[in-house]
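Right, one structure below, let's go through it.
The values are calculated or read from the model by the stated rules, or taken from the named source; none is laboratory data. Predicted model, so just to flag it, every value in this text is computed and none were measured. Using ideal geometry, Cβ is built from the backbone for each residue, glycine included, and neighbour counts are taken over all protein chains shown. Remember, those area values only see protein heavy atoms, side chains included, never the ligands or the DNA or RNA. Shrake-Rupley method; radii C 1.70, N 1.55, O 1.52, S 1.80 Å.
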Amino acid sequence: MNTFGEGPLFPAAPGTETYRFTWMRSFNDYVLIRVTQFGPVHSLHVKMGDLRDGDLLIDQRILLTPSQWQEFRRRLEQARFWSADRYFLDGNFAYTDGAAWLLEGVRGGSYHALDVHSPEREGPAGAFRAACLYLVELSGISIPAKDVF
């Protein structure tokens, strides 16, 4: 996370729930979105880094409504984020294209992460993909459909 000036999520401050989506696309700018609940405050921090030189193109914070936070948590439940280990069959894979979708979470003293390569819209990783893309939607950044992989 050094590219984005991010540190580790864990350990987190007591009473804090945080998720960080890092989207590393082969031929497009990287995206990092962190959402945090601390007491009654729900916030989103979005960063987009230039693939060529690593400069930050976007670095902004947004306050979320409680309903936006609850909708994200609902999508996490649909994706079984906290109980899933992976969404693919066992095997050795080598990828030369596509994107890494890394979603990390910290709540109640626990840390969990899922790293999925180019999750499909349908199938086992579909709900995971939808939860991550909901964060992109909340961030306000515009990603053309052809660049979502």
message: Of everything in region 119-137, what is at pLDDT below 95, under 14 Å from the mean Cα position of the chain (by Cα) and not small (Gly, Ala, Ser)? Give them in sequence order.
response: Pro119
message: Could you go through region 43-62 and let me know if any residue there is farther than 16 Å from Ala100 by Cβ, buried (at least 16 other Cβ atoms within 10 Å of the Cβ) and of a type in the set (S, T, N, Q).
response: no
query: With respect to the numbered conditions (1) at pLDDT 95 or above; (2) on the phi < 0 side of the Ramachandran plot, which one is the sole condition not fulfilled by Gly140?
result: (2)
message: So for region 8-18 (the condition being open to solvent by less than 80 Å² (accessible area, probe 1.4 Å), more than 14 Å from the chain's Cα centre (by Cα) and within 23 Å of Ala145 (Cβ to Cβ)), does at least one residue qualify?
response: no
query: What are the residues in region 124-149 that are in a helix (DSSP H, G or I), surrounded by 14 or more Cβ atoms within 10 Å (Cβ to Cβ) and among the small types (Gly, Ala, Ser), if any?
result: Gly126, Ala127, Ala130, Ala131, Ser139
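Taking region 25-40 as the search range and keeping residues that are open to solvent by 70 Å² or more (accessible area, probe 1.4 Å) and touching a strand residue (DSSP E or B) at 6+ places or on another chain (Cβ under 7 Å), which one is farthest from Gly140 (Cα to Cα)?
Step one: of region 25-40, the residues open to solvent by 70 Å² or more (accessible area, probe 1.4 Å) are 27, 30, 38, 40.
Filter once more, keeping what is touching a strand residue (DSSP E or B) at 6+ places or on another chain (Cβ under 7 Å): 30, 38.
Numbers: Tyr30: 15, Phe38: 22 Å.
Top of the filtered list is Phe38.
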